[in-house]
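Novice: Here it is, the structure in full.
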């Protein structure tokens, strides 16, 4: 029987988090969302997106995350077009078997081509390596599948950030692929989620674990590089400096912890270098939305000024406009929101 990583993840949340006394907190939100937004339909579960800002193209990781048997696809949206003409275009690509995409990262190559690194959860029972990173290369809508990366250290990958020089940072949301340990980690909010790192040759774990890791992003600041990582059950985005150990290995040193009020999901940068963070104000309502589409889950987007770490709420909705928003990107006068389960992106004026 085939299993589904995303459903397995939130099933463990369901049993684990309901054991917590705070599981049913309502986290009521004032309506602060723009009244006039456009829904771009046709992409089931567009959980993560990757923006090519120079070309004004948006790539979308799409999968019906309520159905364990379905496979997913990658789409592109041409943001050069006006809102009324936006539509998803399926990539022309031969997918690997049982492709079920999740977090993704875009790298622009000197040749003008693009490389997409996409977490997939094929989850074949009996496989020691239950998750993969699928690598695609191409331009526009035409891509080739060029590589499958596997490692036992990809234990429960949620988000990925890849670099031009071939390094890959992967945020695992759990320390166990399935079972009782996942449930207990969620119920007790244990700090067990590790960050996996690929240096181009081998996979290692780096940095200290967090409580349910989620989004991950690499940013250069001055002459140093920093990794930002969502710690879901800690309501925080954690900032790490990339360092070298005495043995010459790559590791992370925590240098800051930014409170974002609720559980953070994916991380993106805007044109000014501010960080946009999608947060989930109510775990209980998120889980109810997983089980029943009619149950709405509130969405919030926070903007972090990384120069002074000041946090500003720029979008809030009770779930009637978009439920369980997972990623936010901005381009010009547009704020674009993705979500975990339903079949559309939301495009709003800034």
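Novice: Which value does Rg/Rh take for region 199-350 over its C-alpha atoms, Rh per Kirkwood?
Specialist: Using Cα coordinates only, the ratio equals 1.01.
Novice: So what's the gap between the Cα centers of region 244-262 and region 282-350, to the nearest angstrom?
Specialist: Between the Cα centres of region 244-262 and region 282-350 lies a distance of 27 Å.
Novice: Sticking with this structure for a sec: Which peptide among 337-347, 181-191, 139-149 comes first, and what is the full order, when sorted by highest mean count of other Cβ atoms within 10 Å?
Specialist: Details: 337-347: 23.1, 181-191: 18.8, 139-149: 14.6.
Per-residue Cβ counts within 10 Å, averaged per peptide and sorted highest first, yield 337-347, 181-191, 139-149.
Novice: If you don't mind, there's one more thing I want to ask. Taking the Cα atoms of the chain, report the difference between the largest and smallest coordinate on each principal axis, in whole Å and largest first.
Specialist: Principal extents (Cα only, largest first): 55, 53, 49 Å.
Novice: Which value at 222 nm does the chain reach when only helices count, each DSSP H run of 4 or more adding -39,500 (n - 2.57), with the total divided by all residues and rounded to the nearest 500 deg cm²/dmol? Don't skip to the end; give the middle numbers.
Specialist: On the way: 3 runs with 31 residues, N = 350.
Calculated from helices alone, the mean residue ellipticity at 222 nm is -2500 deg cm²/dmol.
Novice: Could you work out the relative contact order of region 285-346? I mean the mean sequence separation of Cα pairs under 8 Å and 6+ apart, divided by the number of residues, in percent.
Specialist: Relative contact order for region 285-346 comes out at 25 percent.
Novice: Let me check the size of region 112-185 from its C-alpha atoms; what are the radius of gyration and Dmax in Å?
Specialist: My reading of the Cα-based Rg and Dmax gives 14.1, 46 Å.
Novice: Sequence gap at least 6, Cα distance under 8 Å: using those rules, report the relative contact order of the chain to the nearest whole percent.
Specialist: The value is 16 percent.
Novice: Related question: Rounded to the nearest 0.05, what FRET efficiency do residue 184 and residue 311 have when you use their Cβ-Cβ distance and R0 = 35 Å?
Specialist: Between residue 184 and residue 311 the formula returns 0.70.
Novice: Further, regarding this structure: Run the quick spin-label model on residue 243 and residue 271: label points 7 Å from Cα toward the beta carbon, then report their separation in nm to one decimal.
Specialist: 3.8
The numbers here are math on the coordinates, done by the rules we state, and not lab data. Computed from a prediction, not measured in an experiment: that's the story for all the values here. Ideal geometry is used to build each Cβ from the backbone, glycine not excepted, and the neighbour counts take in all protein chains shown.
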